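Written below as structure tokens is the structure these notes are about.
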Amino acid sequence: MWNIGVIILTFFIQRINAVGVPDLLKDYGVTTTYNIRTTLYPTRDEYDFIIVGAGSAGSAVAKRLSENSKWKVLLIEAGQPENIFIQIPSLMAATHQTPYNWGYRLQRQKGVCTGMKDGRCTWPRGKSLGGTSSINGMVHTRGNKLDYDLWASQGNEGWSYDDVLPYFRKSEKFQVPVPHNASYHGYEGPLLVQYIPHHTQLAGAFLEAGKALGHDIVDYNGPQQLGFSYLQVNMDHGARCSASKAYLKNNRRNLEIVTNAFATKVLIDKNKRAYGIQYEKNGVARKVFANKEVVLSAGTIDSAKLLMLSGIGPKEHLEELGIKVIKDAKVGYNMYEHVAFWGLVFTVNNSDAFNFQGFVSPANLLQYYSSRSGPLSIPIGVEAIAFLRTKYAPDDRPDLELLFFSGGVHSDNGLTVKPSYGISDEVYNKFFKPLEFREAFTIWPIVQHPKSQGRIKLRSKNPYSRPILQGNLFSDPHDEEIILEGIKHAINLTKTGPFKKYNAQLHNVKMPGCTSHKLGSDDYFRCAIKALPAMENHQMGTVKMGPQSDPNAVVDPKLRVYGIERLRVIDASIMPMMPVGHINAGIYMIGEKGADMIKEAWKNS
């Protein structure tokens, strides 16, 4: 019977890859608007505010600015509206093979990402209304209190935890059915925060194993982050709750949204004042103007790219590309990423782990269709999380995250996860393929305070040229040592009673390229970590926020670009330091806080 499910899923994945999502949806008459009113082109030449990018921050800014009925707001998005497939959590990896992903990849780096196709790791970034919140794992973590207190201690006035907590609360509609401290949560916001409606027995064993080793079960978005928990996710009863669904549905008439419009330049006059943008749609270059502010919310990669294309960036770099320098600034630097490891896989007996046969069974398909529950409601098997401190922790914050998957790369028999994350044929066939049709789970050990710093550069002054993404992964050995400690913590978990009853065993096949090392040794894992790093896709910091005394700061604590009037950046690129956990909740917070800053600046107009 399960072959029916295989045929259905394979058919849709092949059709998506062949014709793209929009044409596939047209074939079946599916609407993609979700009550979000869009216009083909701007209906005006001039608006009060122009926002570039409809991701987590941009959607929040657009909604909040449009609350002032006197203001005319334009939201420009390079991608298209979401579709029905994006809403199904288990198809998350498949969305990375569609036009809803920019398809970015890191530059080749010696000795790193060797287990990936062409030796280059992928960096999926959303290209749609909702941005990356439309293709990510929906994990909702705020970071640690000390993260934001450190931001403030660097001269970023107004960014302490006490300052930002009201904006976390403002963004969320908290519906997690466990005891929690209500003072840390919001209940009237647009962004749903829920548990995944289906949990496997293995995810429960992960939590019980944590308790067996003396750890607490916690609300990690409450007063205590250290401990274990089921994931809190941005989900609406088994379906994705993206930024566009949370913030853009039933948009007001004074908010116009234009999709498939690619911003190519910020327009800046001789007085260094931003007055609009240039964009292209359907092959035609156009301009639209702002009489108050231009706001860039295009994300860590594309906000930095757009600033540099507009003449705001490192003087030497821009001059070598023939771009007129308007403001010499450290755009593109300070780029960090949470890095994990794909290859920590454990086989089990007699469990309900994700595997291909169960994943595409007609019963699971019917359960999701009828009640939006069951295994298809789990984002590629991600179910639970732990925040821990290793012996290297520099302060009270966790420096390690363990992310629990009730499955792995093998779970769909190479159909979506392998190509979506660029895993090479050799690594899949030798390391993961022996796990096909077997029950197994994966734990990602993730470094929380990475020290390896990357950089974004322009490839040329052609806006359609892909930027150069220099990850510089593991350039500081600290990062791989934290992941190695995480591997040891995870293995210890599997030796506790809750996992012993499933006979959890470390997958006993060596990673290609690391076969000269003894399986399970520190040197083996150091090799394997570099061969198959997992990108959390938490890029941040390329348009760093800081006080005027900080030579690396591009925006001030009000998110205004230094040296350019009426231009702000409001997205993850402004983060001065990497917060603990997953960063999307923090991006919503930045959007909410940034919108209030704009409102305050223009309250009399």
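Here, each number is a calculation from the coordinates, and none is a lab measurement. Everything quoted here is computed from the prediction, not taken from an experiment. Note: ideal-geometry Cβ built from the backbone for every residue, glycine included; neighbour counts use all protein chains shown.
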Review point. What is the magnitude of the charge dipole of segment 513-589 about its Cα centre, with +1 placed on the Cβ of each Lys and Arg, -1 on the Cβ of each Asp and Glu, and no other charges, expressed in debye to the nearest 20?
Key: 100
**Study point:** Positive-pole candidate from 89, 534, 321, dipole of the chain, charges at beta carbon
**Key:** 321
Point to revise | Helix-only mean residue ellipticity at 222 nm for the chain, each DSSP H run of n ≥ 4 adding -39500 (n - 2.57), per residue, nearest 500 | key: -7500 deg cm²/dmol
Exercise for review: Give the distance, in whole Å, between the Cα centre of segment 372-386 and the Cα centre of segment 322-339.
Suggested key: 37
Check your understanding: Based on the Kirkwood radius over alpha-carbon pairs, what is the Stokes-Einstein translational diffusion coefficient of segment 148-281 at 20 °C with 1.002 mPa s viscosity, in µm²/s?
Key -> 114
Review point. How large is the charge dipole for segment 334-447, taken about the Cα centre, if only the Cβ atoms of Lys, Arg (+1) and Asp, Glu (-1) carry charge, to the nearest 20 debye?
Key: 140
Check your understanding: How big is the gap, in Å, between the Cα center of segment 105-142 and the Cα center of segment 423-484?
Key -> 8
Point to revise | Pairs beyond 25 Å (Cα-Cα), from 72/461; 249/593; 305/530 | key: 72/461; 305/530
**Study point:** Cα principal axis extents for the chain, largest first, Å
**Key:** 69, 53, 49
Check your understanding: When Rg is the radius of gyration of the Cα atoms in segment 308-390 and Rh is its Kirkwood radius, what does Rg/Rh come to?
Key -> 1.33
Point to revise | Share, in percent, of DSSP beta bridges within the chain that are antiparallel, nearest 5 | key: 65
Check your understanding: Roughly speaking, what is the centre-to-centre gap between segment 514-591 and segment 187-214 when only Cα atoms are used, to the nearest Å?
Key -> 26
Point to revise | Sequence of 170, 501, 391 once ranked by neighbouring C-beta atoms within 10 Å, starting from the fewest | key: 391, 501, 170
Revision key, fill the gap. Here, trypsin sites (Lys or Arg not before Pro) of segment 261-295 satisfying both criteria (DSSP loop; at most 11 other Cβ within 10 Å) are 270
Check your understanding: Within straight cross-link reach of residue 270, meaning Cα distance under 17 Å, which lysines are found once same-chain residues fewer than 8 apart are removed?
Key -> 292, 324, 327
Exercise for review: Using only the Cα atoms of segment 396-511, build the gyration tensor, take square roots of its eigenvalues as a ≥ b ≥ c, and label the shape rounded, prolate or oblate: rounded if a/c is under 1.5, else prolate if a/b is larger than b/c, else oblate.
Suggested key: oblate
Revision key, fill the gap. Looks like segment 66-210, by Cα gyration tensor root eigenvalues a ≥ b ≥ c and the a/c under 1.5 rounded cutoff (else prolate when a/b is bigger than b/c, oblate otherwise), is rounded
Check your understanding: Can you pick out the pairs among 418/500; 418/457; 127/245; 110/145 whose Cα atoms lie more than 26 Å from each other?
Key -> 418/500; 418/457; 110/145
Practice item. Output ³J(HN,Hα) for segment 542-554: one whole-Hz value per residue in order, computed from phi by the Karplus curve 6.51 cos²θ - 1.76 cosθ + 1.60 with θ = phi - 60°, and x for Gly and Pro. Key: 6, 10, 4, 8, x, x, 4, 6, 8, x, 9, 6, 9
**Study point:** Convex hull (Cα only) mean projected area of segment 211-352, reported in nm² to one decimal
**Key:** 16.3
Revision key, fill the gap. As a percent rounded to 5, the proportion of antiparallel DSSP bridges among beta bridges in segment 43-152 is 45
Review point. What list do you get for 485, 77, 383 if you sort them by fewest beta carbons within 10 Å?
Key: 485, 383, 77
Check your understanding: Over all pairs of distinct alpha carbons, what does the Kirkwood formula give as the hydrodynamic radius of segment 245-304, in Å?
Key -> 13.3
**Study point:** Dipole-positive endmost among 222, 239, 153 within segment 146-273 (Cβ charges, Cα centre)
**Key:** 239
